[in-house]
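The values are calculated or read from the model by the stated rules, or taken from the named source; none is laboratory data. Keep in mind that this is a model prediction, so the values were computed, not measured. Cβ placement follows ideal geometry from the backbone for every residue including glycine, while neighbour counts extend to all protein chains displayed. Keep in mind that these areas ignore ligands, DNA and RNA; they rest on the heavy atoms of the full protein, side chains included. Shrake-Rupley method; radii C 1.70, N 1.55, O 1.52, S 1.80 Å.
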Amino acid sequence: MGKTIIRVPATSANMGPGIDSIGAALHLYLTVIIEEKTEQWRVNHALGTSIPRDENNLMVQTALKVNPKLQPHQLTVMSDIPVSRGLGSSTSAVIAGIKIANELGEMDLTIPDQLNWAVKLGGELDNVAPALMGQAAVATVNDGVADAIKLPLPDLQALVFIPGQKLLAQKSRKALPKQVSFDTAVHASSVANVLVAALLKKDWELATKLIERDEFHEQARSQLVPELNQIRDAAHELGIVGTYLSGAGPTVVTFGTSAQLTLLRTKLTNADLPGSLRILELDQDGATVLTDA
């Protein structure tokens with residue numbers, strides 16, 4: 001019997017000023033192998049005791065919400081996406097669940113269909129869109145319907161600083177201001193608008209400057225992630241622009257060429273930051289499904 005392999009990339013949300021709207025896909029993956037039919041759902045993984053191995057697993061729960069008539073299968077799961085670090089680990093599970101339902105239920109869901117299911121089931125828009133589409137994506141929801149556009153990214157890589165400590169979303173949300181002034185909101189929105197235009201025009205020099213101009217959340221959250229400004233300052237000393245806080249944190253992402261990021265990683269390694277530094281390719285394709293006949 002053939003196996004179906006689902007692969008979903010990690011994502012970096014809140015790309016610069018695009019809070020809850022713009023995200024990018026990275027070369028870290030959740031991989032799910034759909035195996036034989038079983039009497040009950042079985043989820044084989046080595047991801048820790050806190051993640052269920054039965055029908056209570058988030059992927060299975062998601063799949064059954066999309067299609068309650070699915071017959072149980074055995075799933076084997078592998079992931080190199082860190083949990084609760086601002087890299088879309090829960091979103092990847094939601095997307096995998098939708099893909100499982102689509103495959104086993106032969107539903108023929110389009111990418112817009114899958115996007116709307118993901119948002120309906122609680123996926124974060126700026127994680128969901130790039131996870132499905134690859135590269136970067138800008139998205140919004142109007143009247144309960146999600147719309148997303150893929151944004152081209154140049155041939156760059158990302159230096160990802162992943163702290164050893166988790167940052168719980170609830171704590172990160174509490175750090176946000178309850179309100180911002182009208183003038184600030186207008187200006188911050190204009191920065192995000194021009195960022196999207198710059199990406200569509202492939203004006204990366206302008207885009208990298210705007211990525212660092214968020215006025216919605218980074219300043220409030222930087223107290224929880226002091227490494228953000230430390231990494232940005234080190235990057236600027238090397239002439240590298242394009243550092244931002246990934247999602248709600250605590251991961252920090254810097255875009256650049258392989259040569260630039262290798263220099264930056266060496267500089268930051270000497271600074272002895274409390275976490276790991278990884279240079280990653282950008283994912284080009286988004287979530288993929290391969291059937292091995």
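So for the range 173-267, considering every pair of alpha-carbon atoms, how many percent are separated by more than 22 Å? It would help to have the intermediate numbers written out before the result.
Numbers: 1507 of 4465 pairs.
Considering the range 173-267, 34 percent of its Cα-Cα pairs are separated by more than 22 Å.
Over the range 109-231, what is the relative contact order in percent, taking alpha-carbon pairs closer than 8 angstrom and at least six residues apart?
Numbers: 97 pairs, mean separation 22.4, N = 123.
In percent, rounded to a whole number, it is 18.
Using packing as a proxy for protection, rank 146-157, 106-117 so that the peptide with the highest average count of other Cβ atoms within 10 Å comes first.
Working: 146-157: 17.5, 106-117: 16.0.
Result, highest mean Cβ count within 10 Å first: 146-157, 106-117.
Please get the size of the charge dipole for the chain, origin at its Cα centre, with Cβ charges of +1 on Lys and Arg and -1 on Asp and Glu, quoted in debye to the nearest 20.
Numbers: 25 positive and 31 negative charges, 117 e Å.
Its charge dipole is roughly 560 debye.
Around I111, what is the net charge, scoring Lys/Arg as +1 and Asp/Glu as -1 over all other residues with Cβ under 14 Å from its Cβ? Mind showing how you got there, number by number?
On the way: positive: K99, K150; negative: D108, D113, D147, D285.
That sum, taken over residues with Cβ under 14 Å, equals -2.
At a threshold of 8 angstrom on Cα-Cα distance, excluding pairs fewer than six apart, so keeping six or more, what relative contact order does the range 184-293 reach in percent? Each step should come with its number before you reach the end.
Numbers: 88 pairs, mean separation 19.5, N = 110.
After rounding, I find 18 percent.
What is the angle, in °, between the Cα long axis of helix 89-104 and the longest principal axis of the Cα atoms in the chain? Nearest 10 is fine, range 0 to 90.
So the helix axis and the longest Cα principal axis differ by about 30 degrees.
Kindly express, to the nearest 10 degrees and within the range 0 to 90, the angle between helix 258-270's C-alpha long axis and the longest C-alpha principal axis of the chain.
Orientation of helix 258-270: about 80 degrees from the principal axis.
Of the options L199, Q223, L210, report the single residue whose Cα projects farthest towards the positive end of the charge dipole of the range 185-241 (beta-carbon charges: Lys, Arg +1; Asp, Glu -1).
Positive-end residue among those listed: L199.
For the chain, which whole percent of the accessible surface, found with a 1.4 angstrom probe, sits on carbon and sulfur atoms?
On the way: 6960 of 13880 Å².
Solvent-exposed carbon and sulfur of the chain make up 50 percent of the total.
Among the listed pairs K3/K65; K120/K178; K150/K201; K37/K99, give every one whose C-alpha distance is greater than 20 Å.
In this structure, K3/K65; K120/K178 exceed 20 Å between Cα atoms.
May I ask you to evaluate 6.51 cos²θ - 1.76 cosθ + 1.60, the Karplus curve with θ = phi - 60°, for each residue of the range 156-162 and list the ³J(HN,Hα) values in order in whole Hz, giving x for glycine and proline?
Working through the residues one at a time gives 10, 10, 10, 8, 10, 9, 10 Hz.
List the trypsin sites (Lys or Arg not before Pro) within the range 44-111 that fall in a DSSP loop (any state other than H, G, I, E or B) and whose Cβ has at most 16 other Cβ atoms within 10 Å.
Working: sites: R53, K65, K69, R85, K99; in loops: R53, K69, R85.
For trypsin sites (Lys or Arg not before Pro) across the range 44-111 that sit outside H, G, I, E and B with at most 16 neighbouring Cβ atoms in 10 Å, the list reads R53, K69.
Specify which residue in the list I95, T291, Q135 is farthest towards the positive end of the charge dipole of the chain, using unit charges on the beta carbon of Lys, Arg (+1) and Asp, Glu (-1), about the Cα centre.
About the Cα centre, the residue reaching furthest to the positive side is I95.
Normalised by the number of residues in the range 1-102, what is the relative contact order in percent for Cα pairs under 8 Å and 6+ residues apart?
In percent, rounded to a whole number, it is 33.
Solvent-accessible area per residue for the range 1-127 at a 1.4 Å probe radius, Å²?
Roughly 42 Å² per residue, with all protein chains present.
For the range 39-151, rounded, prolate or oblate, judged on the Cα gyration tensor with a ≥ b ≥ c (square roots of eigenvalues), a/c < 1.5 rounded, else prolate if a/b > b/c?
Oblate shape, in that a/c is at least 1.5 and b/c is the bigger or equal ratio.
Enumerate the amide H contacts of L151 below 5 Å, restricted to partners 5 or more residues apart or on another chain; note that Pro and chain-start residues carry no placed amide H.
A136, A137, V138
Any chance you could give the angle, 0 to 90 degrees and rounded to 10, that helix 182-200 forms with the longest Cα principal axis of the chain?
Tilt of helix 182-200: around 70 degrees.
What do the square roots of 5 times the Cα gyration tensor eigenvalues come to for the chain, in whole Å, largest first, as semi-axes of the equivalent ellipsoid? If you can, show how the numbers build up before the last one.
Working: eigenvalues 216, 86, 63 Å².
For the chain, the semi-axes come out at 33, 21, 18 Å.
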